[in-house]
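One structure below.
Any read-out appearing in this document is the output of simple, stated calculations on the displayed coordinates, not a laboratory observation. A quick note: this is a predicted structure, and the numbers were derived from the prediction, not measured. We place every Cβ from the backbone using ideal geometry, glycine too, and count neighbours over all the protein chains shown.
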Amino acid sequence: MLLNQIREAEKIARQLEATPTQRTEWNVAVQHFADDFIKNVDALPSFGEDNGSIGLRNHPVSEEAKTMDFLLELIKKNVYNNGINCASGNHLGYIPGGGLFPTALGDYLAAVGNQYAGFFFANPGAVRLENQLLRWLCELIGFPTSAAGNLTSGGSIANLIAITAARDEKGISSKKVTKSVIYLTDQVHHCVQKAIRIAGLGEAHIRYVPIDAHFRMDADRLAQMVAADKKARLQPFLVVASAGTTSTGALDPLDKIADIAEKYKMWYHIDAAYGGAFVLVESMKSLFKGMERADSVTMDPHKGFFLSYGTGAILFKNVQAVFKTHYYRANYMQDATDGSDEFSAADLSPELTKHFRGLRMWLPLQLFGLKPFRAALEEKILLCRYFYEEIQKLGFEVGLYPDLSVMIYRYVPQNGMDANVFNEKLVEMIRIDGRVFLSSTTIDGVYWIRLAVLSFRTHLDTIDKCLAVIQEKVCELEKEG
Ligand SMILES: *Cc1c(COP(=O)(O)O)cnc(C)c1O
């Protein structure tokens, strides 16, 4: 009876092992889909208005098996052509991501073998591979060889790990939170404020250090504020600087901030999620001076290393500090303790079982070698500078000369229309047009359009197209007003 039941269940359960024929069919169909997409990626609209995802809603998960072709069609209509086309070189808004093809193959290989990268014991090779990448990142930013890191899902979680480590290393227990002080600028990425809340530091004093005309933290003001807080018997324990802000790409004075952090024994975190990769460009290196003095640095390989979404990195000098927050041993893990000289990812982040994300980073870097990465990053900087010159020829006002590959600009119309309204409309018209995608920011009540160049598919022809689209839409709007 029991054996019969088992056999009955087994018959159906075995359907979960794809047959060789199924695997071939599915592989071919997916490859065809990918080839077709990549062939057309820059011709597709850079933004698709929401189509309601009707297909998805009409075909929920059910008892019925569906065919790959049918499902790929659902994905194409409802996912791939809906919203921002983030793989396109025409994506010049926010911080564009990447989508290097070998990222997908790395994911495939990680998933096919279901490799376990959380613990050294489970897969020494996977852990070594990830740690090797992390040590390489540490070396890039000038951290000592004793430094370590963790590959996260993105910059937000990387910042969160840093902030929880800072909290625990500086002994900010719940009783002390209301006396503790954190310093940042209003230009930090909002995930920093979120991380502060998640870390239970919402009741800490958050000091927004004034910024200078370049949108960089004013280090002298920081020093004054920390001194005043000390005097008031508060506990300054954390300063967060940005190496490449999201709004304008500005770098805070990293070295000067390091002096202050050191003097007052504060944890020094640098968010280099956007800017960090540019250390690969020789001529940019000096901009990052002082980064090596941080306690922790966030990088985001799914930005400046052009990977597909899902890979960030947190690097830290003092591994023990991160252990304070994340190291834990459970009885059922007793077989997994190891005497290895490698750190396990599970001891350095909240994750236990995790995606083996190292492979999606390792494979593209190894397949292409570093040379094209350096060239692409340099190209992005040069393209931004080119745009900076050319947009002024179209009568635009510009923000400061770009440090990296993000800049801001706005048109002051001659037709009497309010400049903020005009530029907002302009961005909307460009989005609807779909040839390029731009985003905007507001600084001190002034609406600015942003250009963010970071897709590996963005080249000179893209920027020329962008300029042409802008010119065309400005003419239309000027006539309207
Ligand atoms: C993108 C970004 C983040 C957030 O990273 P995610 O990968 O989106 O989670 C944090 N800080 C800066 C400066 C960023 O550019």
Selection from the range 200-215 of residues buried (at least 22 other Cβ atoms within 10 Å of the Cβ) and within 16 Å of the ligand (Cβ to nearest atom) yields F215
For the condition free of Cβ contacts under 8 Å to residues at least 24 places away in the same chain, out of contact with any Ser or Thr (no Cβ under 6 Å at 6 or more places or on another chain) and not hydroxyl-bearing (S, T, Y), what is the one hit in E397, E342, E378, E390? E397
Considering the range 220-254, residues that are surrounded by fewer than 21 Cβ atoms within 10 Å (Cβ to Cβ) and in contact with a helix residue (DSSP H, G or I) (Cβ under 7 Å, 6 or more places away or on another chain), and then whichever is nearest to A452 (Cα to Cα), we arrive at P253
Does L133 meet the test of being closer than 17 Å to D271 by Cβ and either among the charged types (D, E, K, R) or within 18 Å of the chain's Cα centre (by Cα) (or both)? no
Does N81 meet the test of being touching an Asp or Glu at 6+ places or on another chain (Cβ under 9 Å), polar (S, T, N, Q) and under 29 Å from K380 (Cβ atoms)? no
Residue by residue through the range 202-219, note down the ones that are farther than 30 Å from D403 by Cα and touching a helix residue (DSSP H, G or I) at 6+ places or on another chain (Cβ under 6 Å). E203, A204
Which helices (runs of 4 or more DSSP H) sit wholly inside the range 124-217 and have at least 2 residues that are within 22 Å of Y94 (Cβ to Cβ)? 155-169, 190-198
When restricted to T103, T152, T145, the only residue of a type in the set (S, T, N, Q), surrounded by fewer than 23 Cβ atoms within 10 Å (Cβ to Cβ) and out of contact with any Cys (no Cβ under 6 Å at 6 or more places or on another chain) is T145
Subset of the range 50-86 [under 30 Å from G275 (Cα atoms) and away from the ligand (no atom under 16 Å from the Cβ)]: V79, Y80, N81, N82, N85
Would you point out which residue out of F456, F437 is touching a strand residue (DSSP E or B) at 6+ places or on another chain (Cβ under 8 Å), closer than 22 Å to S247 by Cα and of a type in the set (F, W, Y)? F437
